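> Pasting a structure here, questions to come.
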Amino acid sequence: MQVAIIGTGYVGLTTGVCLAFIGHQVCCLDTDEAKIRALKAGKIPIYEPNLSELLEEASPNLRFTSSYAEAIPSAEIIFIAVGTPPTPSGAPNLEYLSQAARSIGQHGAAGFKVVVNKSTVPIGSGNWVGSLLREACEGREAGTSPEFAVASNPEFLREGSALHDSLYPDRIVIGADETRALEVLYSLYRPILDQTFSAPTYLPRPDTVYAVPLVSTDLASAELIKYAANAFLALKISFINEMGLLAERVGANITEVARGIGLDSRIGPRFLSAGIGWGGSCFGKDTAALIATASEYGLNLPIVEAARKLNSRQRDRVVEKLLHELKILKGRTIGLLGLAFKPNTDDLRESPAVEIAQKLVDRGVRVRAHDPIAVERFHREHAGMPVQTCENVCETAEGCDALVLVTEWSEYRDLDWEAIAKKMRTPVILDGRHFLDRDKLARAGMRYLAIS
Ligand code: NAD
């Protein structure tokens, strides 16, 4: 099938590469010309494991462009995967979405086309995009206008395992009020739904995946499914963090508590790691958007609101713990391990490390930091922030009064902690993710603290 993807970021690029890999003809479009130039030259503008290998395999079916006139006329299916960043009110900024819809409308050739909202967009956006598409076609000569149907196909990928999640998803959700649109998307996704494609050697099909459930529903339900899923995951994290606070007071071990409840199949073990809390471009933005949507209908969402409040409190707890341990923060040197919002990505949007660094800088702390992947992006996106980045953890530890593990990169687990402790002014480590081996650190002479 002929597919166009509008927006070639974390979601658009992953979707484009995966659809090209399973045999569709895909044209990825982005208005960021530098990004398109880089992609045409074979350079990937984001860090995502295995993306370069899959892109190379898919390249015969894949094109990149900045021109709507090139991408849209021949496309049968057009995915909108542009950013929907938050505004101060919590409602997402839909400017990029409306620009994309208008440009699609202006360049669509006659024939039936399905326009798919893959961006996370508020409930009602499907109808709105439909009206923008029709508006953009007004005034055209009879018989030259495309016939658009709008569908919602929310994305559930996790950065860091985006390709795995796209090829072997837990489910595919398609919302449309027109049966024809559902049928087109069903055909598009059939190789993934039936798992009939040959798995790449570096992304083997898990033994448990032989067919992927399809949830086909109306537009509004598909739109709400995405927000409800993210809100639920966010509150699962905040729930365990709330229990962590109590566990600390009563002398319980929150990791054991999480294991004890997570083994209950009704609860499940994932998203039950106590610590600094969630970050990234989705949970904060999507919970805020859900609250904003509810308020348009005169509703409050107290559970979602509480989850947000608790998450923000976890960042303050890092500063409180350091203050309690070191007594005075002004003039201290603190090293952060990890800048990316989670391991295996270079994404820094709403990264806890950046928030914590700012809080420490505001208190007069000299901040040093290490990240295996995200340092270059950090300097690009936070150029004015007085944080000294280092080549490795040993260098970061030099003269530090404490280290804080913020992002649980696997390589932080097995470090020469004795050597690191010797470099520090006071060998204190605050484990923000319950990730490190407390006994090993104690043997290396480190004082171990955790955020529970
Ligand atoms: P991103 O910022 O990485 O990419 C968005 C891209 O859209 C950018 O490259 C930008 O240049 C491009 N763009 C903006 N306006 C455009 C236009 N008019 N025409 C063409 N291109 C345009 O964003 P992302 O992380 O890929 O997220 C995209 C959407 O997917 C968001 O709504 C997000 O909430 C949702 N989502 C993201 C994730 C994730 O993990 N990143 C997961 C699920 C859903």
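Coordinate-derived values only; no laboratory data. The structure displayed is predicted, hence computed values, not measured ones. Note that each Cβ is placed from the backbone with ideal geometry, even for glycine, and that neighbours are counted across all protein chains shown.
> Just flag the trypsin sites (Lys or Arg not before Pro) in segment 210-297 sitting in loop per DSSP whose Cβ has no more than 12 other Cβ atoms within 10 Å.
ARG266, ARG270
> In addition: Pairs of alpha-carbon atoms within less than 8 angstrom and 6+ residues apart define the contacts here; what relative contact order does the chain have, in percent?
Computed value for the chain: 11 percent relative contact order.
> Additional query: Tell me, in nm to one decimal, what length is gained between SER131 and SER187 on full extension, where the rule is 0.36 nm per residue of separation less the Cα-Cα distance?
17.6 nm
> Calculate how many DSSP beta bridges within the chain are antiparallel, expressed in % of all such bridges and rounded to the nearest 5.
The antiparallel proportion sits near 5 percent.
> Also: With each run of n ≥ 4 DSSP H residues scored as -39500 (n - 2.57), what mean residue ellipticity at 222 nm is computed for the chain after dividing by its residue count and rounding to the nearest 500 deg cm²/dmol?
Rounded to the nearest 500, the figure is -13000 deg cm²/dmol.
> Using a 10 Å Cβ count of at most 12 others and DSSP loop calls, identify the longest part of the chain lacking such GluC sites (Glu not before Pro).
With a cap of 12 other Cβ atoms within 10 Å, the longest stretch comes to 142-390.
> Between rounded, prolate and oblate, where does the chain land on the alpha carbon gyration tensor, with a ≥ b ≥ c its root eigenvalues, rounded for a/c under 1.5, else prolate if a/b exceeds b/c?
It is prolate, given that a/c is not under 1.5 and a/b is the larger ratio.
> Sticking with this one: Out of the chymotrypsin sites (Phe, Trp or Tyr not before Pro) in segment 165-255, which ones are loop residues according to DSSP with at most 16 other C-beta atoms within 10 Å?
When the chymotrypsin sites (Phe, Trp or Tyr not before Pro) of segment 165-255 are filtered for loop state and at most 16 Cβ neighbours within 10 Å, PHE197, TYR202, TYR210 remain.
> Further, regarding this structure: Expressed as an acute angle from 0 to 90° and rounded to the nearest 10, what is the orientation of the C-alpha long axis of helix 125-137 relative to the principal long axis of the chain?
40
> Using the 10 angstrom Cβ neighbour count as an exposure proxy, how do VAL116, VAL375, VAL365 rank, fewest first?
Least to most surrounded, the residues fall as VAL375, VAL365, VAL116.
> Also, quick follow-up: With label points built 7 Å along Cα→Cβ from the Cα atoms of VAL250 and GLN388, find their separation and express it in nm.
Here the answer is 4.5 nm between the modelled labels.
> Treating only the Cβ atoms of Lys and Arg (+1) and Asp and Glu (-1) as charged, compute the dipole magnitude of the chain about its Cα centre; round to the nearest 20 debye.
For the chain, the charge dipole is close to 1340 debye.
> Okay, next question. Against the longest principal axis of the chain, how steep is helix 283-296, in degrees 0 to 90 to the nearest 10, with axes from Cα atoms?
In the chain, helix 283-296 runs at an angle near 60 degrees to the longest axis.
> Mind jotting down a quarter of the surface of the convex hull over the alpha carbons of segment 131-273, in square nanometres, one decimal?
Taking the Cα atoms of segment 131-273, their convex hull projects to 12.7 nm² on average.
> Computed FRET efficiency, Cβ-Cβ of GLU376 and GLU33, R0 22 Å: what is it to the nearest 0.05?
With R0 = 22 Å, the Cβ-Cβ based efficiency is 0.60.
> I would also like to ask the following. Please list the radius of gyration and Dmax for segment 51-166, considering alpha-carbon atoms only, with Å as the unit.
15.6, 47
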